[in-house]
Amino acid sequence: MHRPARVLLVNIPVVEPELLVHLRAVDIQIVGVFGRFDEGFESTCAARPDVVILGVDPPAEDEIRRVRLLKLFLPGVTVVAFAKLPDEVVALKALDGGCSGLLEHSINVRNLTLAVNSALNGQLSFPLAVVGRFLTQVDERRRGVKLTGREQDVLALLAEGESTGCISEILSLSPHTVRNHIRSILGKLGVHSRIEAVLKAGSLGLIDLGRAAAS
């Protein structure tokens, strides 16, 4: 049975009551409105949203950092950032944090519906005004990450959720060698855990997270 898309709003300055009513007509259900993740992280997880719209206007660094934590608890959730005056710096921070899009200026039925539908379809959505500069910076950062062929193989298997032992068997490598490759990958990507490596690699286009999730 079809159900509406479940959307959670976090750190959004103003939410007009009329918006909640109009969204029901376009098959979107607002399951909660929180000032910050701190105010209801457990409730956030309990609501089991499909999409989280997250305000990232300063100071929201902590909110962006919590996106990865949220995805650990809710692997299927998609997060779209919102900023009144976005630029490429905000866009990159949102992407690095695991957000799949960036809304700008205001929250209304039209742009929220487009953002939610894009997120549910696995598409990235960023404002045209910043996307050119944003893609240039992403491309420069991608070129700065030099993974060996074997490291790319290991990274792809990490994205599929394989353990060290399984990667060892699949690639015919010793577990010690696999662990060395993983340490090298973490260092080159500037992260501290496997899940961070996968998310960072996905944000840089080094792996296809959608394909990895499907497998």
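The values are calculated or read from the model by the stated rules, or taken from the named source; none is laboratory data. In this text the structure is predicted, and so the values were computed from the model without any measurement. All Cβ positions, glycine included, derive from the backbone under ideal geometry; neighbour counts span all protein chains shown. To get the accessible areas, we keep the full protein, side chains included, count just its heavy atoms, and leave off ligands, DNA and RNA. Shrake-Rupley method; radii C 1.70, N 1.55, O 1.52, S 1.80 Å.
Numerical summary
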item	result
Residue count for the range 97-133, restricted to those that are touching an Asp or Glu at 6+ places or on another chain (Cβ under 7 Å) and at pLDDT below 80	3
Number of the exception - N111 against (1) surrounded by 19 or more Cβ atoms within 10 Å (Cβ to Cβ); (2) touching a His at 6+ places or on another chain (Cβ under 9 Å); (3) in a helix (DSSP H, G or I)	(1)
Qualifying residue in the range 34-50 (condition: touching a residue at least 12 places away in the same chain (Cβ under 8 Å) and within 27 Å of L206 (Cβ to Cβ))	yes
Residue check for I170: of a type in the set (V, I, T), open to solvent by 70 Å² or more (accessible area, probe 1.4 Å) and over 20 Å from G98 (Cα atoms)	yes
Count of the range 96-108 residues which are over 18 Å from I30 (Cβ atoms) and either assigned to a loop (DSSP other than H, G, I, E, B) or of a type in the set (G, A, S) (or both)	5
Residues of the range 163-197 satisfying the condition of being closer than 21 Å to L69 by Cα and either modelled with pLDDT under 90 or in contact with a His (Cβ under 7 Å, 6 or more places away or on another chain) (or both)	L186, G187, L189, G190, V191, H192, S193, R194, I195, E196, A197
Scan of the range 190-206 for residues that are surrounded by fewer than 17 Cβ atoms within 10 Å (Cβ to Cβ) and among the hydroxyl-bearing types (S, T, Y), ordered by number	S193
Pairs where the first residue, in the range 169-191, is of a type in the set (V, I, T) and the second is open to solvent by less than 60 Å² (accessible area, probe 1.4 Å) and not in a helix (DSSP H, G or I), C-beta under 8 Å, 6+ apart	I170/E162; I185/L147
Residue tally, condition hydrophobic (A, V, I, L, M, F, W, C) and in a helix (DSSP H, G or I), over the range 183-208	8
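Results for (1) assigned to a helix (DSSP H, G or I); (2) modelled with pLDDT under 75; (3) in contact with a helix residue (DSSP H, G or I) (Cβ under 8 Å, 6 or more places away or on another chain); (4) open to solvent by 10 Å² or more (accessible area, probe 1.4 Å), shown as yes or no for each residue.
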{"residue": "V15", "(1), (2), (3), (4)": "no, yes, no, yes"}
{"residue": "H22", "(1), (2), (3), (4)": "yes, no, yes, yes"}
{"residue": "V26", "(1), (2), (3), (4)": "no, no, yes, yes"}
{"residue": "I30", "(1), (2), (3), (4)": "no, no, yes, yes"}
{"residue": "E42", "(1), (2), (3), (4)": "yes, yes, no, yes"}
{"residue": "C45", "(1), (2), (3), (4)": "yes, yes, yes, yes"}
{"residue": "L70", "(1), (2), (3), (4)": "yes, no, yes, no"}
{"residue": "L85", "(1), (2), (3), (4)": "no, no, no, yes"}
{"residue": "A94", "(1), (2), (3), (4)": "yes, no, yes, no"}
